[in-house]
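To start, the structure itself, in structure tokens.
The values are calculated or read from the model by the stated rules, or taken from the named source; none is laboratory data. Note that the coordinates shown come from a computational prediction; the quantities given were computed from them, not determined experimentally. Positions of Cβ are generated from backbone atoms using ideal geometry, with glycine treated the same way; all protein chains shown enter the neighbour counts.
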Amino acid sequence: MKALARLVPLLLLSAATAHAADVRVGEQRELRVDGKAFFPIFVWLQPPQLFEFHKGIGINTMMGEMAKSGVSTKQFLDACREQGLWGIVHAHEKNLAVRDHPALLTWMFGDEPDLRARLGYVRPVKTPRGDDGSLNVWWEGEAPAQASFKAANWMNVKHNYLSGGRWLPAEAKPIGTHKPLLARYAVDVPETASYRLWVREFHKSWASPTWWRFDDGEWHHTPRELKAIELQKVPRVLSVGWCMYGKVRLTKGKHAFEIKADEVRTAGRPPRTGDNAMVAFDAFLLTTGDKPPLSPPRPPQPRTPPSDILAQYQAWKKLEPDRPVYLNLTAGFLPQYLKYDSDKLYDGYCHATDIVGYDHYPIYGWGKPDRVPEIAAATRKLRQHARDRIPVWAILETTNGGQWVSAKMRAPHPHELRAEVWMAIVNGAKAIGYFPHVWKPRYSWCRIPEANQAELRRLNAQITRLAPVILAAPARQKVACQAAGGQVDVMAREHDGALYVFAVSLERKPLKAAFQIAGLAAGTRVAVVDEGRDVEAAAGRFEDEFGELAVHIYKIPWK
């Protein structure tokens, strides 16, 4: 173990040398830096002022240069070098200027291209006549002939969920000091008929009731209780949906349509109200059809398909043929999270990169501590897509306060954090990353509970010390494990005259595991690394107890 310890500082110190490192992927899918195996332990998207802190908990690599932070890529890498850390930056042409920087480890593509694309809004009807024979008249909310107001700035958003990309927002506060918010439109009706009027608008759970009329006819009221269908969220706290306003008989020819608001808005649910008026109009539809104007079904699509990533990869490799590129995905390849008809697109992503990884946060992201064992399944599954030539990396949780779960959701406990890391490594991960960002109760780059900081300090030091073992070739000696009433994943490596067995329980309960190793002599003392104990082997086997999600590393003298 002392020999391993002497190797620990070598690659960290190489970041401070004056030459650009030669970085390649080795035969065991490990990263090799200037010919030496290296296990990256990285953290996602952090400012330079936190680099010293992260180094103190055992981080050796910083991923992502934060292009919008005011820190240049060179400044980012200079800060890495100052701390003896490696840096991973985006594969942008402007970053070619730092291709020879001594702290540059690998390149990276944009994050999570497999997220579901927010497909733009598509008109649900044809004009002037639909496929069902209905007459349809469509006009855009953002293009009135006249309006008594200027568009409300904070609501004046551009979004592909809006018809035409925009809508007409209006706000008056306090309502008693303003004239009604009124918009007038010119409408050309193709034939005399009875029409239904549909309005796609900011939904009335938060908007004001409205009044509408054609020409100089009677005003019709739409109450704040009117329900919208097909609600879609646009930026900030805004949602848009269709409301059926009513029926009207119109003659062929040109008409004037007016819509106004002169009441305070709803405050989430009637009868609660605010003190201002607020409306936003996206589109209007007159139709003789009797079906609601629902969007046509479309299969989900990734926001950046594998073909686009492959084109980026091929173009980049012409500029930078040697240094590897990293691509990070979600855990959408797992069946329970699959967003698409098939997981085959993940084969395509793995063809378009040198290193592939995933992020998955069972507690921080989903609020489901029982899903911690999914880290093992995710690593195995992505390795299947990556096949033998592509290293798999994993980015894991460290804290709480995520965007998508309750602020009351706890952080992972230290033993859960430890289990996730070893589940990933035992199942083939060649690097480990951590995500420390929080959004609740307020945003912070990094807020890791003290207990988890202590665990990361211990865990990362252990990984760094054992990196030459972890990155070695699989042991020639087969190691099998049977656990009564549960699953224990194992990885076996031979190094420096010893057989190492890494074992992690996927269970939330205690269990006993039996390890079968042909040729293991009875009476052999099996050391349990970093636990100050050993286990006596029987002929060809040994047993040990595992607590909840426990991790044990065994070292056996071997020739």
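Among the residues of region 435-443, is any over 27 Å from Ile355 (Cα atoms) and among the basic types (Lys, Arg)? Yes, region 435-443 has at least one match. Could we say that Ala513 is under 19 Å from Glu536 (Cα atoms) and among the aliphatic types (A, V, I, L, M) here? Against the criterion (under 19 Å from Glu536 (Cα atoms) and among the aliphatic types (A, V, I, L, M)), Ala513 qualifies.
Which of the strands (runs of 3 or more DSSP E) contained wholly in region 80-185 include at least 2 residues that are in contact (Cβ under 8 Å) with a residue 12 or more places away in the chain and under 30 Å from Trp242 (Cα atoms)?
Where strands (runs of 3 or more DSSP E) fall fully within region 80-185 and carry at least 2 residues being in contact (Cβ under 8 Å) with a residue 12 or more places away in the chain and under 30 Å from Trp242 (Cα atoms), they are 136-140, 168-172.
When the strands (runs of 3 or more DSSP E) confined to region 215-313 are screened for residues that are surrounded by 17 or more Cβ atoms within 10 Å (Cβ to Cβ) and of a type outside the set (S, T, N, Q), those reaching at least 3 such residues are found at 239-250, 253-261, 277-287.
Is there a residue in region 240-251 that is at pLDDT below 95 and of a type outside the set (Phe, Trp, Tyr)?
Taking region 240-251 first, the residues at pLDDT below 95 are none.
No, region 240-251 contains no residue that is at pLDDT below 95 and of a type outside the set (Phe, Trp, Tyr).
Residue by residue, here is whether (1) farther than 30 Å from Leu50 by Cβ; (2) crowded, with 19+ Cβ neighbours inside 10 Å holds:
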{"position": "Trp445", "(1), (2)": "no, no"}
{"position": "Ala467", "(1), (2)": "no, yes"}
{"position": "Leu471", "(1), (2)": "no, yes"}
{"position": "Ala475", "(1), (2)": "yes, no"}
{"position": "Gly485", "(1), (2)": "yes, no"}
{"position": "Ser505", "(1), (2)": "yes, yes"}
{"position": "Asp530", "(1), (2)": "no, no"}
{"position": "Glu543", "(1), (2)": "yes, no"}
{"position": "Val551", "(1), (2)": "no, yes"}
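Within region 213-227, if we keep just the residues that are under 21 Å from Gly289 (Cβ atoms) and touching a Lys or Arg at 6+ places or on another chain (Cβ under 7 Å), the residue that is modelled with the highest pLDDT turns out to be His220. For region 461-476, the criterion of a residue being in contact with a Pro (Cβ under 7 Å, 6 or more places away or on another chain) and touching a residue at least 40 places away in the same chain (Cβ under 8 Å) is satisfied by no position.
Of a type in the set (Lys, Arg), surrounded by 17 or more Cβ atoms within 10 Å (Cβ to Cβ) and either over 30 Å from Asp343 (Cα atoms) or without any contact (Cβ under 8 Å) to a residue 12 or more places away in the chain (or both), is that true of Arg196? Let's see the steps before the verdict.
Details: of a type in the set (Lys, Arg): yes; surrounded by 17 or more Cβ atoms within 10 Å (Cβ to Cβ): yes; either over 30 Å from Asp343 (Cα atoms) or without any contact (Cβ under 8 Å) to a residue 12 or more places away in the chain (or both): yes.
Criteria met by Arg196.
Looking only at region 516-539, which residues are under 37 Å from the mean Cα position of the chain (by Cα) and not in a loop (DSSP other than H, G, I, E, B)? Hit for region 516-539 is Val528, nothing else. Looking only at residues in region 317-339 that are crowded, with 19+ Cβ neighbours inside 10 Å and within 25 Å of Ala21 (Cβ to Cβ), the one that is farthest from the chain's Cα centre (by Cα) is Arg323.
For region 344-367, give me each residue that is touching a helix residue (DSSP H, G or I) at 6+ places or on another chain (Cβ under 8 Å) and in a loop (DSSP other than H, G, I, E, B). Selection gives His351, Ala352, Thr353, His360, Pro362, Ile363.
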